[in-house]
Structure formats: structure tokens, C-alpha cells
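Trainee: Sharing a structure here in C-alpha cells format.
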Amino acid sequence: MGQPIAQRYDYILPLWAKDKFEHLPTAGRLHMANLPTPLYQWTHNQGYTTSSFWKRLQELDITLYIKRDDMTGGCETGGNKVRKLEFLLADALAKGYKKVVTIGGEQSNHCRATAAACRMVGMEPHLILRTPRADEIQRSSNEIEGGIGHTGNILFDRMVGSSIYTCTPGEYGRMGSKELVSRLCAHLEEKSGESVYPIPVGGSNGMGTWGYIQGVEELLSQWNTIDTKPSLDHVVFACGSGGTAAGITIGMALAFEALEGSLAPKVHAMGVCDDPDYFYDYVAGIANEMGLKVTAGVSTKEYIREHMIAHQGKGKGYAASTPEELEFITALALETGVVLDPVYSGKALYHFFTSELQNDEAEKYRGTNILFWHTGGALGLFDKANDLLVTMGRIAPTIRLDLYGKSGTNAIDISKAIE
Ligand SMILES: *Cc1c(COP(=O)(O)O)cnc(C)c1O
């Protein structure tokens, strides 16, 4: 406490991670996130008619827990990305970088968190954002109301003075995010003569993933203090660029290997943008980059497949919501006061519910404890606000306080009401 936020600390590995990796985060770690994030049993408010989700959990005698990684920071750094940035930016600082380039979708939580985190430690953020509006934005960029706008994450990107570069999804797909980042780095290096630190999509590389290796240590130490000593049977979370999945999968596998005798939880990575096969490969790639030492005779890919289940959870496609998904998020918000986001956390839990808990196979979840890891993303709701009006309108009436009796019959006259 009280130290400057740009101070680096030695990172002390969890005991179970010792001697398991070839490459360690030798630059240490920043203390940027609000940790530990809360963990509690997630129940609905009994007073409301409950949605089919809670009824089904009750039928299956499932106890649900939630880990609130949406609370790692404020609007600027909140969500799962800041855990990775603690390691990534420590590395960048140790090496003396002054500029950072990263990349993501138009409403990228990762780009927003990176931009703010950069400013906290005195670095300059450069963001490549993928948007179908790239040409339109360029045409209108001189008008006051034009340009890239100010919805959700973009407002925060801009408030911290990010340089924003746009490209279309087609261009992004053709060139690939890695190449785009390295070309912008090269361009900025040529212009300024200074090296630029590249951070991949979602901060998901061997360095960023340490954030969730440490996240597993944090969760387990909280879990072990729960009075009822529940078993941790399933862990469910949204998977976008794969770093969170890599950290949770590898962390759980190693931690429970060390605890001989206890069964490791099943790790459910709900893919919101790509297919399961892509994620098995990508997560194995991260494990290789970290130099994870797996049992002789087992390939990294086999090891990952053994310890993680990647599910299809993208629905209509990345960042596209169905009315059912939005209904689900709205119902949970009403019943629990917790707001999930439409692109990641809400989609993940919705698709876990519909594809795993609603069919006959669901019997395998009977009597289990499920942890849902809320990864944040609330600012993404602003982009979907129009679609949410239907459901919000139904649960949240707006009432005119007709204090002087000027308008219609439905208005409340407060002065009379308190007489
Ligand atoms: C990025 C993100 C995810 C996915 O995490 P990855 O490590 O990229 O797979 C999940 N939820 C939210 C809110 C995110 O912003």
C-alpha cells in the first residue's frame, strides 16, 4: 500500500508451479488490480419469480459460486485483462519501453484496460481497433459528432489519450493481428527511434497468462476458507483470446497434481468467437511458449485436452447477441443484482446453461459445486443498449413524479402520497 503503481515486485510462484516452467516472469509483477476479487455463493433473490436458470439449478441440486473479476478495477482497468497486464507491463517497464501497441475489436475491453494501465505507469497506448465502420469513421472524422464516437469502451480509450488506428474485419482477417501489431510497432519505431512493446490480442501470450496462473492460486486459497468445505467440481468462464483459459487450465492442473488425492475441477472454457479445436491448439501454444513441462510421452496438446473442455459458446457470432441471451442477462441482473456482459460473461453462462444443463447429459452435474468466473465487460453493454431496451423496459418502469398535478392519471403526486 502507498507505493507508486509503477513499482515492480518480485513474483513469488505458487508452490505447485515451482519447477514446472522453463520460462518465468523474471521482470516480476505490478500491483495494479484490486485483489483478491470477491468470491461468494451466488443465489437469486427468493422474492422474485425465478427464471428457468435458477429452477434448473435447484432441480439438479447445483450450488453456484461466483468469482468477481469484473471487480478488479474501476471502469478503466476492470475485468480480467488487468491480471495479465500486471505481468505484461512489468516486463515492458523492466525493459524500458515507453510505447505499447495492442489490438482488438471496436469494443475491446482489453484495449481499454491496456490503454488506462499504460497511462498509470507512464507509457503511451496505441490501439488498433477492428470495426466495420473504418471507412465511415475516416470520412466523418472531422465532424464534431463523427469519428469513432464515444460508446462504451471507446469513451475510456479516448479519455486516456490513446492513439487509435482502425481497420475493417476483412483487412484484419487477411493480414492477421500479429502482423498488424508488428507493422505498427515498426512504423512507430521508425518515426520515434524508440522500441515499442507489442501486446497480442487479449494480452494472451506466455507472459500475460501468468495473471491467471496466479488467479488460480488466489481462488484456491479463498475456496479453502469456505466453512462448508465444498469440493470445487466445475469452473466455467468465457474464452476469447485464450489467455484466461490457459492460466486457469494449467493452474488448476498443476495445483491439483500437487494435492495428490483431490480431484481437479473440470475446466469449461466457453468459446465466444472461435471453435473448440482452435482453442485447444491456441492454449497448447501458450503452454509451449511458457515452457510448461508436461509428463514424458504426453504432448502439450494432449495435456491441455485432458485438463480443459472447450465449448462452443459463440451463438450468432462474436459480439452478436440473440434476444434469448439478452433476456438471460437481464433476468440475472434482476434476480441477483449482478450484471453480466453480452459479449463474454453473459454469453458464456447462457451457453453453458443451454448446452450443458438443459439436456439429459445434465445429470452429471447433479449435486455439484460450480464456480462461474465473471470476467467483466460491463462497458460492452452500452453498445447493446438499444437491444436491451425491450427487456429493461419490462422490468424497470419510469414513473413521472407529478408534483403539482399537471399531467395524466398514472402520475404519482408525492405531496399527496406523504400526507
Ligand atoms: C477478454 C475477455 C474475456 C476472454 O478472456 P481471454 O483471456 O481473452 O480468453 C472474457 N470476458 C471479458 C469481459 C473479456 O473482456
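The values are calculated or read from the model by the stated rules, or taken from the named source; none is laboratory data. Predicted model only: the values in this text are computed from it and were never measured. FYI the Cβ positions are ideal-geometry reconstructions off the backbone, even for glycines, and counts take in every protein chain you see. Accessible surface is based on the protein model in full, side chains and every heavy atom, while ligands, DNA and RNA are left aside. Shrake-Rupley method; radii C 1.70, N 1.55, O 1.52, S 1.80 Å.
Trainee: Using a simple charge model, +1 on the beta-carbon of Lys and Arg, -1 on the beta-carbon of Asp and Glu, nothing else, what dipole does the chain show about its Cα centre, in debye to the nearest 20? Don't skip to the answer; put the middle values down first.
Mentor: Working: 39 positive and 49 negative charges, 129 e Å.
Once rounded to the nearest 20, the dipole reads 620 debye.
Trainee: Calculate the dipole size of region 300-389 relative to its Cα centre from +1 charges on Lys and Arg beta carbons and -1 charges on Asp and Glu beta carbons; express the result in debye to the nearest 20.
Mentor: Numbers: 8 positive and 13 negative charges, 53 e Å.
That gives region 300-389 a dipole magnitude of about 260 debye.
Trainee: Turning to a different aspect of this structure: Which semi-axes, in whole Å and largest first, does the equivalent ellipsoid of region 18-136 have when worked out from the alpha carbon gyration tensor as the square roots of 5 times its eigenvalues? Display every interim value, and only then the final one.
Mentor: Details: eigenvalues 247, 95, 34 Å².
Output for region 18-136: semi-axes of 35, 22, 13 Å.
Trainee: Which FRET efficiency value, to the nearest 0.05, do you get for Val338 and Glu190 by plugging their Cβ-Cβ distance into 1/(1 + (r/R0)^6) with R0 = 41 Å?
Mentor: Details: r = 47 Å, r/R0 = 1.15.
Efficiency, rounded to the nearest 0.05: 0.30.
Trainee: Only helical DSSP H runs with n ≥ 4 go in: add -39500 (n - 2.57) per run for the chain, normalise by residue count and round the 222 nm mean residue ellipticity to 500 deg cm²/dmol.
Mentor: Values: 15 runs with 160 residues, N = 419.
Helix contribution divided over all residues of the chain: -11500 deg cm²/dmol.
Trainee: Over region 13-91, with every protein chain in place, what whole percent of the accessible area is carbon and sulfur at 1.4 Å, could you tell me? Walk me through the numbers before you get to the answer.
Mentor: On the way: 1580 of 3480 Å².
With neighbouring chains kept in place, the figure for region 13-91 is 45 percent.
Trainee: Could you name the lysines in cross-link range of Lys98, using Cα to Cα under 27 Å and dropping any fewer than eight places away on the same chain?
Mentor: Reachable lysines: Lys81, Lys84, Lys178, Lys191.
Trainee: Which value, in Å² rounded to 10, gives the accessible area of Arg400 with a 1.4 Å probe and all protein chains present?
Mentor: Accessible surface of Arg400 is approximately 130 Å².
Trainee: Once the mean 1/r over all distinct Cα pairs of region 327-398 is inverted, what Kirkwood radius in angstroms do you read off? Walk me through the intermediate numbers first.
Mentor: Numbers: mean 1/r = 0.0740 Å⁻¹.
After inverting the pairwise mean of 1/r, the radius is 13.5 Å.
Trainee: Continuing with the same structure: From the backbone phi of region 369-383, what are the Karplus-calculated ³J(HN,Hα) couplings (6.51 cos²θ - 1.76 cosθ + 1.60, θ = phi - 60°) in whole Hz, Gly and Pro given as x?
Mentor: Working through the residues one at a time gives 9, 10, 9, 9, 9, 7, 9, x, x, 3, 5, x, 5, 4, 5 Hz.
Trainee: Computed from the mean reciprocal separation of all distinct C-alpha pairs, what Kirkwood hydrodynamic radius does the chain have, in Å? The partial results should precede the final answer.
Mentor: Values: mean 1/r = 0.0439 Å⁻¹.
Averaging 1/r across every pair of different Cα atoms and inverting gives 22.8 Å.
Trainee: Calculate, in nm to one decimal, what Met1 and Glu302 gain on full extension: separation in residues at 0.36 nm each, minus their alpha carbon distance.
Mentor: Details: separation 301, 0.36 × 301 = 108.36 nm, distance 4.23 nm.
Result for the pair: 104.1 nm of gain on full extension.
Trainee: At Lys178 and Arg394, where each label point lies 7 Å from the Cα along Cα→Cβ, what is the point-to-point distance in nanometres?
Mentor: The two pseudo-label positions are separated by 4.6 nm.
Trainee: Work out the FRET efficiency for Glu324 and Leu155 from their Cβ-Cβ distance, taking R0 = 35 Å, and round it to the nearest 0.05. Intermediate results must be reported in sequence, preceding the final value.
Mentor: Values: r = 29 Å, r/R0 = 0.82.
Using R0 = 35 Å, I get an efficiency of 0.75.
Trainee: Give the carbon-plus-sulfur fraction of the accessible surface of region 204-351 in %, rounded to a whole number; probe 1.4 Å, heavy atoms of protein chains only.
Mentor: Values: 2790 of 5340 Å².
Summing carbon and sulfur atoms, their accessible area is 52 percent of the total for region 204-351.
Trainee: Report the antiparallel proportion of the DSSP beta bridges in the chain as a percent, rounded to a multiple of 5. Don't skip to the end; give the middle numbers.
Mentor: On the way: 6 of 41 bridges.
Percent antiparallel among DSSP bridges in the chain is about 15.
Trainee: Which value, in debye to the nearest 20, describes the size of the charge dipole of region 17-73 about its Cα centre when Lys and Arg Cβ atoms bear +1, Asp and Glu Cβ atoms bear -1, and nothing else is charged?
Mentor: 60 debye
Trainee: If you don't mind, there's one more thing I want to ask. Name the residue from His31, Gly251, Ile304 whose Cα lies farthest towards the positive end of the charge dipole of the chain, charges +1 on Cβ of Lys and Arg and -1 on Cβ of Asp and Glu.
Mentor: His31
Trainee: I've got another one for you. For Met392, tell me the accessible area in Å² from a 1.4 Å probe, rounded to the nearest 10.
Mentor: It works out to around 80 Å².
Trainee: Please compute the per residue accessible area over the chain with all protein chains in place, 1.4 Å probe, rounded to a whole number of Å². Mind dumping the intermediate values first?
Mentor: Numbers: 19840 Å² over 419 residues.
Ligands and nucleic acids excluded, the figure is 47 Å² per residue.
Trainee: Pairs Lys55/Lys347; Lys99/Lys293; Lys18/Lys266; Lys95/Lys293: which exceed 31 Å Cα-Cα?
Mentor: On the way: Lys55/Lys347 19 Å; Lys99/Lys293 33 Å; Lys18/Lys266 23 Å; Lys95/Lys293 27 Å.
Too far apart for the 31 Å limit: Lys99/Lys293.
Trainee: Region 112-220: Rg/Rh from Cα coordinates, Kirkwood Rh? Working shown, then result.
Mentor: On the way: Rg = 15.8 Å, Rh = 15.7 Å.
Result: Rg/Rh = 1.01.
Trainee: In whole angstrom, note down how far apart the Cα centers of region 1-56 and region 276-344 are.
Mentor: So the separation of the two Cα centres works out to 17 Å.
Trainee: Let me ask something else. So how far apart, in nm, are the two label points at Asn288 and Tyr165 if each is 7 Å from Cα heading toward Cβ?
Mentor: 2.7 nm
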